[in-house]
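Accompanying notes for the structure given below.
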Amino acid sequence: MWVNGKLVPGDYVGQGKIVDLTATEHRLLTCLVRNAGRIVSHRELLEVMRSSNPGSSMGNLRQCIWGLRKKIEIDPALPRVIITQYGEGYCFTGEEEARWFPEGEWL
């Protein structure tokens with residue numbers, strides 16, 4: 001849903017479709033998009049998750065990233081949008097997918 005020119009939690013437009021995101025998925029994706037092209041560490045992403053889920057763990061983070069991939073990737077098993085940097089964190093590619101987030105509308 002668009003409110004005052006911004007996409008609010010629950011809706012995400014990607015690949016020409018709208019998918020429902022949980023509040024946590026929305027926060028994680030927002031963090032990754034804001035840092036497009038840069039590796040966002042596991043620690044940073046866990047801090048984002050813990051803002052609403054204090055007991056979040058690495059396992060929870062992996063599950064949430066997998067959930068995001070299932071919703072936004074063409075093939076979640078071969079991700080192109082959210083890339084794993086083993087031992088470091090995740091990276092939003094920031095390439096063609098960045099067009100899904102018109103500046104000022106998503107963040």
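At-a-glance table
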{"item": "Every residue from the range 77-94 that is assigned to a loop (DSSP other than H, G, I, E, B), surrounded by 14 or more Cβ atoms within 10 Å (Cβ to Cβ) and in contact with a strand residue (DSSP E or B) (Cβ under 7 Å, 6 or more places away or on another chain)", "result": "Val81, Thr93"}
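Residue by residue, here is whether (1) modelled with pLDDT under 90; (2) touching a His at 6+ places or on another chain (Cβ under 8 Å) holds:
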{"site": "Gly10", "(1), (2)": "yes, yes"}
{"site": "His26", "(1), (2)": "yes, no"}
{"site": "Glu47", "(1), (2)": "no, no"}
{"site": "Arg50", "(1), (2)": "yes, no"}
{"site": "Cys64", "(1), (2)": "no, no"}
{"site": "Ile82", "(1), (2)": "no, no"}
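The values are calculated or read from the model by the stated rules, or taken from the named source; none is laboratory data. Here the structure is a predicted model, which means the values were calculated and not measured. Quick reminder, even Gly has a Cβ in these numbers, built from the backbone with ideal geometry, and neighbours come from all protein chains shown.
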